[in-house]
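Trainee: Quick one: the structure is below, questions incoming.
The values are calculated or read from the model by the stated rules, or taken from the named source; none is laboratory data. What you are looking at is a predicted structure, and each value in this text was computed from that prediction instead of being measured. Cβ: placed from backbone, ideal geometry, glycine included. Neighbour counts: every protein chain shown. To get the accessible areas, we keep the full protein, side chains included, count just its heavy atoms, and leave off ligands, DNA and RNA. Shrake-Rupley method; radii C 1.70, N 1.55, O 1.52, S 1.80 Å.
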Amino acid sequence: MSLKHAFWGVVPAAGVGKRMGANIPKQYLPVSGKPVLQHTLERLLSVEALSAVVVALGLEDGFWPDLPFADNPRILVADGGKERADSVLSALNRLEGLASADDWVLVHDAARLCITRSDVLKLIEQLEHDPVGGILALPSSDTLKGVTDGIIVDTVDRNHVWRALTPQMFRYGSLHDALSSAAELGLTVTDEASALELKGHTPRIVEGRPDNIKITRPEDLSLAAFYLEQQCCE
Ligand code: CTP
Ligand code: MG
């Protein structure tokens, strides 16, 4: 692994979990005895290459102090924002003066607790010499339909369609620039790659594992618990 540029983690964890519909934000729901966010951060911290991980927290977040990261020198916190992209930008601002423009930033959703160390290392190894960077993604196994008003209008060639996962790995300077521009233009970007694409960059994809799910709805909790258990036996 190259020592030329540092690697930083950014974890947006400031969402309210509307689709989950629980009485606490989904990143604090327990899965296999630990809050979702604790699983996620422990897995990222197991990657020695990451100098530090910035966690973007909701302004009203009263749960964070109960997690065992307060004294961890590799964990930094930042205020979250209105949308996910605002939270990521706020975390990037926290790295000002620490990260250099060409350093790599790996942005990973708090809600993706089944991320494996091996997938993070694969992403780093495949992209660290790339000028732009890229994302973990999965080819679609279902046939995909374009639909308008409940009617199928076309069948999308699934060889050209991938599902975007995280981490998404880009250079600190160009990611900050791309997210700032999208915010100034009032464009909502749901992942980092789309912000880079808007700037004319061409991010790469690295095939990730299908168990890297994002906890979104209640049924995802037991699926995540199952995947965590399976991963323990690998
Ligand atoms: N996120 C964030 N700041 C926001 C919105 C989302 O940091 N303003 C984070 C979430 O905490 C989550 C990740 O971005 O880890 C992915 O977002 P999503 O799965 O949509 O989470 P929520 O926005 O919390 O869920 P929902 O859309 O159902 O409300
Ligand atoms: Mg959301």
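Trainee: Please find, among A78, A110, the residue that is under 12 Å from the mean Cα position of the chain (by Cα), aliphatic (A, V, I, L, M), more than 18 Å from H5 (Cβ to Cβ) and not in a helix (DSSP H, G or I). So that I can check it myself, show each step before the final result.
Mentor: Working: A78 fails: under 12 Å from the mean Cα position of the chain (by Cα).
Exactly one residue qualifies, and that residue is A110.
Trainee: On to the next question. Determine which member of the set D71, D103, D86 is at pLDDT below 95 and surrounded by fewer than 19 Cβ atoms within 10 Å (Cβ to Cβ).
Mentor: Just a single option satisfies the conditions, and that option is D71.
Trainee: Look through segment 1-42, keep the residues that are open to solvent by 20 Å² or more (accessible area, probe 1.4 Å) and touching a His at 6+ places or on another chain (Cβ under 9 Å), and return whichever of them is nearest to V107 (Cα to Cα).
Mentor: If we take residues in segment 1-42 being open to solvent by 20 Å² or more (accessible area, probe 1.4 Å) and touching a His at 6+ places or on another chain (Cβ under 9 Å), then S2 is nearest to V107 (Cα to Cα).
Trainee: Looking only at residues that are modelled with pLDDT of 95 or more and among the polar types (S, T, N, Q) in segment 160-189, which one is nearest to the chain's Cα centre (by Cα)?
Mentor: T166
Trainee: How many of the residues in segment 18-43 are within 12 Å of ligand 1 (Cβ to nearest atom), of a type in the set (G, A, S) and without any contact (Cβ under 8 Å) to a residue 40 or more places away in the chain?
Mentor: 0
Trainee: For segment 145-165, does any single residue satisfy the condition of being among the hydroxyl-bearing types (S, T, Y) and farther than 14 Å from V107 by Cα? Break it down stepwise before answering.
Mentor: We begin by selecting, within segment 145-165, every residue among the hydroxyl-bearing types (S, T, Y); these are 148, 155.
Subsequent filtering for residues that are farther than 14 Å from V107 by Cα retains 148, 155.
Yes, segment 145-165 has at least one match.
Trainee: Further question: Just one of S194, S180 is hydroxyl-bearing (S, T, Y) and surrounded by 17 or more Cβ atoms within 10 Å (Cβ to Cβ); which is it? Full working, then the answer.
Mentor: On the way: S180 fails: surrounded by 17 or more Cβ atoms within 10 Å (Cβ to Cβ).
From the options S194, S180, the qualifying one is S194.
Trainee: Being within 10 Å of ligand 1 (Cβ to nearest atom), closer than 28 Å to A137 by Cβ and among the polar types (S, T, N, Q) narrows it down to one of S46, S90, so name that one. Before the answer, list the steps.
Mentor: Working: S46 fails: within 10 Å of ligand 1 (Cβ to nearest atom).
Matching residue, one of S46, S90: S90.
Trainee: Evaluate segment 41-48: report whether one residue or more is part of a strand (DSSP E or B) and more than 16 Å from ligand 2 (Cβ to nearest atom). It would help to see each step written out before you state the result.
Mentor: Filtering segment 41-48 for residues part of a strand (DSSP E or B) gives none.
No, that holds for no residue.
Trainee: Here's another thing I want to ask about it. List the pairs whose first member sits in segment 84-102 and is more than 16 Å from Q168 (Cβ to Cβ), whose second member is within 9 Å of ligand 1 (Cβ to nearest atom), and whose Cβ atoms are under 6 Å apart, counting only residues at least 6 apart or on separate chains?
Mentor: If the second residue must be within 9 Å of ligand 1 (Cβ to nearest atom), the pairs left are S90/A56; S90/G81.
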